1. Would you mind telling me which numbered condition in (1) assigned by TED's automatic domain parsing to the domain that holds Ile92; (2) farther than 17 Å from Phe79 by Cβ; (3) charged (D, E, K, R) Lys37 fails?
2. I need a count of the residues in region 40-68 that are under 19 Å from Lys101 (Cα atoms) and loosely packed, with under 15 Cβ neighbours inside 10 Å.
3. Identify, by number, the condition in (1) touching a strand residue (DSSP E or B) at 6+ places or on another chain (Cβ under 8 Å); (2) in contact (Cβ under 8 Å) with a residue 24 or more places away in the chain that Asp36 doesn't meet.
4. Output the residues belonging to region 79-108 that are in a loop (DSSP other than H, G, I, E, B) and either in contact (Cβ under 8 Å) with a residue 24 or more places away in the chain or touching a helix residue (DSSP H, G or I) at 6+ places or on another chain (Cβ under 6 Å) (or both).
Amino acid sequence: MVSVRKEDRFTNIDSKQEWLMEKEKNIPVIVGKRGDKINIEKDLYLDILFPESEQIEENVINNNSLVFNIHYNNFSMLFTGDIEEIAEKRIIEITNKSRLKADIIKIPHHGSKTSSTRELL
């Protein structure tokens, strides 16, 4: 489950409980945000595309899902979480098209009618 925090308020109790458990057990937590590059090992990294620091207010949990491209050598996969059309449009608006290209895409929001716009695909 992805925790969406806004000024230390959680959108649901499960997220808060998970975060507290991780904190108690000293599990390192990385909160990814747009522009972060997380190196995992040589030639393998995450390029975080979304969310931005300012959240989309409509359907907060889904539309502020972590969206990232994972790169390994010349291969990439785009993970889109549960974003819907409003978030897809925002990502397209603020992201260089080359950063969105991928060999495989995990279709947003389970391929529902509220996502997977032609522009993103």
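1. (2) is the only condition that Lys37 fails.
2. Summing the residues that are under 19 Å from Lys101 (Cα atoms) and loosely packed, with under 15 Cβ neighbours inside 10 Å in region 40-68 gives 2.
3. Against the list (1) touching a strand residue (DSSP E or B) at 6+ places or on another chain (Cβ under 8 Å); (2) in contact (Cβ under 8 Å) with a residue 24 or more places away in the chain, Asp36 comes up short only on (2).
4. Here is the first cut: in region 79-108, the ones in a loop (DSSP other than H, G, I, E, B) are 80-84, 95-96, 101-103, 107.
Thr80, Gly81, Asp82, Ile83, Glu84, Thr95, Lys101, Ala102, Asp103, Ile107 - these are the residues of region 79-108 that are in a loop (DSSP other than H, G, I, E, B) and either in contact (Cβ under 8 Å) with a residue 24 or more places away in the chain or touching a helix residue (DSSP H, G or I) at 6+ places or on another chain (Cβ under 6 Å) (or both).
The values are calculated or read from the model by the stated rules, or taken from the named source; none is laboratory data. Treat the numbers as computed from the prediction; the structure is a model and nothing was measured. In this analysis, Cβ positions are derived from the backbone assuming ideal geometry, glycine residues included, and neighbour counts consider all displayed protein chains.
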